[in-house]
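Visitor: This is the structure I have questions about; it appears just below.
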Amino acid sequence: MRETCTFCRIIDGVEHGAFVYEDELVVAFLDINQASPGHTLIVPRLHVAAWWELPDAEAAAVARAAKPIMQAMRQVLEPDGINLVQNNGRAAGQVIFHVHMHVIPRWQGDRRFGRPPAYADRQTLDERAAQLRAALDRIRHA
Ligand code: 5GP
Ligand code: ZN
């Protein structure tokens, strides 16, 4: 499964990911289709399809990671709000069957979310990720 799963391949370094955050249990990287600038995915290292299969330790680690990621987004991107979105099962809009949490910065009156998102090139993603990573480092070491 790790060979065929896109998110396992990113976690294992086989495919490129614009990483924002990493710890023992979870990683976070930018979504290749940015629903809004900074749209990030928090992904457990463990390959599990849906939240109802996720061990408590990983579920807690996703929640723990969300807070500093959101704080970094607020510092770097100054959004007016942030959505946490988590889809389980095709009927719920899940496309990648490796559980993940979307963290989506929002701006008052933005029209992007829910519309076809904008594909972002690798350089844009890497630059955005580097800014968020730097802010996260400051937050975690404050
Ligand atoms: P889901 O609909 O399963 O909750 O969301 C899956 C997300 O994964 C989508 O927003 C999609 O853009 C993103 N995605 C799909 N393939 C890749 C990829 O190769 N790299 C990255 N960074 N994101 C991906
Ligand atoms: Zn996987």
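The values are calculated or read from the model by the stated rules, or taken from the named source; none is laboratory data. Owing to the predicted nature of the structure, the values given are computational and were not obtained by experimental measurement. Cβ coordinates were reconstructed from backbone atoms using ideal geometry, including for glycine residues, and neighbour counts include every protein chain displayed. Side chains included, ligands, DNA and RNA excluded: accessible areas come from the protein's heavy atoms. Shrake-Rupley method; radii C 1.70, N 1.55, O 1.52, S 1.80 Å.
Visitor: Need the failing condition index for residue 123 against (1) within 22 Å of residue 12 (Cα to Cα); (2) surrounded by 13 or more Cβ atoms within 10 Å (Cβ to Cβ), just the number.
Guide: Looking at each condition in turn, residue 123 falls short on (2).
Visitor: Looking only at the range 1-27, how many residues end up being hydrophobic (A, V, I, L, M, F, W, C), over 14 Å from residue 100 (Cα atoms) and away from ligand 1 (no atom under 14 Å from the Cβ)?
Guide: Number of matching residues: 1.
Visitor: Of the numbered conditions (1) within 12 Å of ligand 2 (Cβ to nearest atom); (2) in a strand (DSSP E or B); (3) within 17 Å of residue 121 (Cα to Cα), residue 27 fails exactly one; give the number of that condition.
Guide: Against the list (1) within 12 Å of ligand 2 (Cβ to nearest atom); (2) in a strand (DSSP E or B); (3) within 17 Å of residue 121 (Cα to Cα), residue 27 comes up short only on (3).
Visitor: Could you tell me whether residue 142 is more than 12 Å from residue 39 (Cβ to Cβ), in a loop (DSSP other than H, G, I, E, B) and either in contact with a Gly (Cβ under 9 Å, 6 or more places away or on another chain) or without any contact (Cβ under 8 Å) to a residue 40 or more places away in the chain (or both)? Lay out the reasoning, then the answer.
Guide: On the way: more than 12 Å from residue 39 (Cβ to Cβ): yes; in a loop (DSSP other than H, G, I, E, B): yes; either in contact with a Gly (Cβ under 9 Å, 6 or more places away or on another chain) or without any contact (Cβ under 8 Å) to a residue 40 or more places away in the chain (or both): yes.
Here the answer is yes, as residue 142 does meet what is asked.
Visitor: Looking for whichever is in contact (Cβ under 8 Å) with a residue 24 or more places away in the chain, open to solvent by less than 30 Å² (accessible area, probe 1.4 Å), within 14 Å of ligand 2 (Cβ to nearest atom) and not small (Gly, Ala, Ser) here; the options are 98, 47. Which one fits?
Guide: Testing whether each residue is in contact (Cβ under 8 Å) with a residue 24 or more places away in the chain, open to solvent by less than 30 Å² (accessible area, probe 1.4 Å), within 14 Å of ligand 2 (Cβ to nearest atom) and not small (Gly, Ala, Ser) leaves just 98.
Visitor: Pull out all pairs, ordered by first then second residue, where Cβ-Cβ is under 6 Å, the residues are six or more apart or on different chains, the first lies in the range 1-28 and is closer than 23 Å to residue 60 by Cβ and open to solvent by less than 40 Å² (accessible area, probe 1.4 Å), and the second is within 11 Å of ligand 2 (Cβ to nearest atom) and assigned to a strand (DSSP E or B).
Guide: Filtered contacts from the range 1-28: 7/43; 26/44; 27/43.
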